[in-house]
Every structure is written in C-alpha cells, then in structure tokens.
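The structure appears right after this line, and notes come after that.
The values are calculated or read from the model by the stated rules, or taken from the named source; none is laboratory data. This structure is a prediction, so every number in the text was calculated from the model and none was measured. So basically every Cβ, Gly included, is an ideal-geometry build from the backbone, and we count neighbours across all protein chains shown. SASA here: full protein model, heavy atoms, side chains in, ligands and nucleic acids out. Shrake-Rupley method; radii C 1.70, N 1.55, O 1.52, S 1.80 Å.
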Amino acid sequence: MNKRKNILITLVFFGVLNIFGTCRFSMRDVSIPAEIKTVKINMFENRARYINPQLAPRLTDKLRQKIINQTRLSQTNSDAHYEITATITDYSQSTSGITDRQTSSNNLNVTVHLQLVNRLDNKKNIETDITRSFPFSGNLSLSQAETQLGDQMVNNITDEIFNRIFSNW
C-alpha cells in the first residue's frame, strides 16, 4: 500500500511540476525611448486631510529604487529628460462592511496625483490620479491597519506609478 501511495504522490508531483513548468508569465517590457536618459523624481507631497507622515517619503524612496534598478535611466537632481512629481491627495478610511450593527471591514483609501513631464516631447506628458483601496478588519484601529498595510500600500502604489510611466499597455 505504501508503495502505491509513494508512486501516486510522485506522479502527482511531476504532473503539477509539468503544468507549472509550461506556464509562462510575462509582463510587457519597460518602454523608454532611446533618447530618454535621465530622470528626476521629486519628493512626494502629502496634501491629504489626514497625513500619514511616513507614506510620502516611503513612496518617493521606493519609486527611486525601482526606477534605478529596473531601467537604464540615471537619476539627477537638475534638469532631466523625465521629471516625476506626485502628490498624495487622499488618505482616508471608509467602512466597507457591517455585521450585527458593527463595522466588520474597512478600507484604507489612497489617491496619488501623478505628473510626468517629458522634456523632449511635451505630447507624451502624463497627468493622472491613481487610487487604491486596501481592505482591513473592522477590529483594527487605523494605526494598526497602517502598520499592517504599510508595505502593501507602498509596493502597490509604486508598481502602479511605474507601470503608468514606463509601460505601453
């Protein structure tokens, strides 16, 4: 009986390995015109009614790291081919679920207004809002939710900004 069980487990293992081994996941490559060589990333401003003092500097640093690590662009503090400015315009909590007259789930809502100035081609400037909601349990306070969701918020918003700027979807 053990021999059959071991054979079955081995077959299932190789079957799963075969399935996942043939799956391909790909994202579009970063799309940067050859003439674009430098980028200036301004510190994110925080103009939301409620201010999380850690969010703007963390977003700025994460975006800088991502651009330096995943593109060929050089960062500069003077005139650059791309200049990125972002402002946190909303940082709020909303109730998303009520059970037995009590809050069961909430959302932490974040909106970032993004501006990309392309100094070589003004027709390719970008100005857009990026809004994300991050659900959390109604049993948590806002400060507990911020601690729990901090990395997820920074990663998701940074990825969205990066994709809006550098991917031709």
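For the range 111-145, which positions are closer than 20 Å to residue 31 by Cα, open to solvent by 60 Å² or more (accessible area, probe 1.4 Å) and either small (Gly, Ala, Ser) or in contact (Cβ under 8 Å) with a residue 24 or more places away in the chain (or both)?
115, 119, 120
When you scan the range 37-67, how many residues do you find that are in contact with a strand residue (DSSP E or B) (Cβ under 6 Å, 6 or more places away or on another chain) and over 28 Å from residue 148 (Cβ atoms)?
Here the count works out to 4.
Looking at the range 97-110 only, could you name the residues that are modelled with pLDDT under 90 and open to solvent by less than 70 Å² (accessible area, probe 1.4 Å)?
Of everything in the range 97-110, those that are modelled with pLDDT under 90 and open to solvent by less than 70 Å² (accessible area, probe 1.4 Å) turn out to be 97, 103, 104, 105.
Being closer than 18 Å to residue 50 by Cβ and in contact (Cβ under 8 Å) with a residue 40 or more places away in the chain is the filter; apply it to the range 146-169 and report the residue that is most open to solvent (accessible area, probe 1.4 Å).
Top of the filtered list is 146.
For residue 78, indicate whether it is assigned to a loop (DSSP other than H, G, I, E, B), in contact with a strand residue (DSSP E or B) (Cβ under 9 Å, 6 or more places away or on another chain) and without any contact (Cβ under 8 Å) to a residue 40 or more places away in the chain.
For residue 78, the condition - assigned to a loop (DSSP other than H, G, I, E, B), in contact with a strand residue (DSSP E or B) (Cβ under 9 Å, 6 or more places away or on another chain) and without any contact (Cβ under 8 Å) to a residue 40 or more places away in the chain - is met.
Quick one: would you say residue 160 is in a strand (DSSP E or B) and closer than 25 Å to residue 33 by Cα?
The answer is no for residue 160.
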